[in-house]
1. To the nearest 20 Debye, how big is the dipole of segment 152-225 about its Cα centre, given +1 on the beta carbon of each Lys and Arg and -1 on that of each Asp and Glu?
2. For segment 338-355, what does the Karplus curve 6.51 cos²θ - 1.76 cosθ + 1.60, with θ = phi - 60°, yield as ³J(HN,Hα) per residue in whole Hz, taken in order and with x for Gly and Pro?
3. Looking at the chain only, what percent of DSSP beta bridges run antiparallel? Nearest 5 please.
4. If you take the beta carbon distance between Asn114 and Ser403 as r and set R0 to 41 Å, what does 1/(1 + (r/R0)^6) give as a FRET efficiency, to the nearest 0.05?
5. Relative to the Cα centre, what is the charge dipole magnitude of the chain, using +1 at the beta carbon of each Lys and Arg, -1 at the beta carbon of each Asp and Glu, and rounding to the nearest 20 debye?
6. Quick one: if you stick a label point 7 Å off each Cα along the C-beta vector at Leu358 and Thr42, how many nm between them?
7. Report the chymotrypsin sites (Phe, Trp or Tyr not before Pro) located in segment 77-184 that are in a DSSP loop and have at most 16 other Cβ atoms inside 10 Å of their Cβ, or state none.
8. Could you please tell me the mean projected area of the C-alpha convex hull for segment 136-440, averaged over all directions and given in square nanometres to one decimal?
Amino acid sequence: MYLKFGFRKYYRLIIVITCITFFVFSCSSGGSDDGPTQTNDTSPPTVPTNLTFSQTTETSTMLSWNASSDNVGVKDYSVFRDNSIIGSTVSTSYTASDLNSGISYSFKIKANDNAGNTSGFSNTVNVTTNSSNELQITSGNIEDYIGNIIDNAPSSGGDDYIAPTTSQLEISNEIVNAILTDDIDEAVLKSGDIGYQITEFTDTSLSPNKIFYIIEKKSQVSNYWGTYIFNKTPDRGDLVIMAPHSKYDTNTGREAVFCFKNSLARAVFINGTHRCNSGDESSCSGTTSACGTSEPFRISDMAHTTTSMFQSVTKTVYNSVSSSVFIQLHGFSKQASDPFVIMSNGTRETPTTDYATLIKDALLIEDNSLTFKLAHIDTNWTRLIGFTNTQGRFINNSPDACSDSATTTTGRFIHIEQEKSRLREDETGWIKMSNALKSVFN
């Protein structure tokens, strides 16, 4: 009996001590310094903002938005189409694909963190994919039609310009090759894949009427990569006219189209935005003060970037039309010591066929008061000679058109800087350039 009672008393004492110990160490206050306390992340990320869309085609659209923030960190974003999740991404952009043509869709975004918290929905954007491609047919005066495109192109600083992808540039090459081989159906089919269309334009102001094929962006698409016009039956199949700065070098775009129409050249290329539209810098060499202080060129500057449809189309035509010559029209503000016209073939070398000198002589017949500097003749002249021009570098066989000036010339690129009042002010000046080109490329 004694032993049994003693065991029970001892057993009860152990239980009491154990309970006291458990209470002391398990119920200490949060302010104790004995060790860190465990807390759960219950804070959701902030709502993604400014959801927008761009580069819409018949089957896809690109979504972009401003990043969310989180007390620990954002894991990823969920993308919703018509209230159903279709994917996720760790970046702040997402290409929604596998869409049907001509259909409207709504998109919104949520942010997620690693603890499983989700933000509220972003704003909703409604996107209508492009309709199935068809050849667009219209008529009128090609100068008015392209002039309207130039007038409505984005101006400086809007960040509307987004460089095309490698695959989009490959498609643009296929479109141009189809146009050059008169396979219009193929050009129409391919153009929808990059948000472009083919317009068959009959110029009724010419007698006889002339048909031009225009590679242009669809009105609802923001692919501002330029407009490319080809003559179905050119009189001067070697002549290609270019205006890479139509929104900056006043009237050069309209002058280029005027010369194209009146010389019945092979093609004319017009850029898609102001050269200073994008804030992103081109990786290509050279600087300019066109957008403010001296700085690298912008990716929206078609004469100084290689990742562009302007460069890609130039390459395709150069390689497909073996005798093609590219005349690039620019404008400048004349200083007291400047001539009225500065011309360059992109190098200091004199080619076998010296088109710059031939154009100079033809312009002097039109206006004998004009004065000139030619970079390959006036070799001490360094102002505005176009040695950093990426189309010129490519045409002159530079090993790297983005970074290396050419050292030899093919003679197939002519860079023309024009003072405003004598040549590019209005049709009175444009006709001088048009007549000169007609004379040289007869």
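Where a number appears in this text, it was derived from the coordinates with a stated rule and is not lab data. Given the structure is predicted, the values throughout are model-derived calculations rather than measurements. Glycine also receives a Cβ, built like all others from the backbone with ideal geometry; neighbour counts cover every protein chain displayed.
1. About 220 debye.
2. 8, x, 7, 9, 10, 10, 8, 9, x, 8, 9, 8, 9, x, 4, 9, 8, 5
3. 65 percent
4. 0.45
5. 1400 debye
6. In this crude spin-label approximation the distance works out to 8.2 nm.
7. Of the chymotrypsin sites (Phe, Trp or Tyr not before Pro), the ones in loops of segment 77-184 whose Cβ has at most 16 other Cβ atoms within 10 Å are Phe121.
8. Computed as one quarter of the Cα hull surface, the answer is 14.4 nm².
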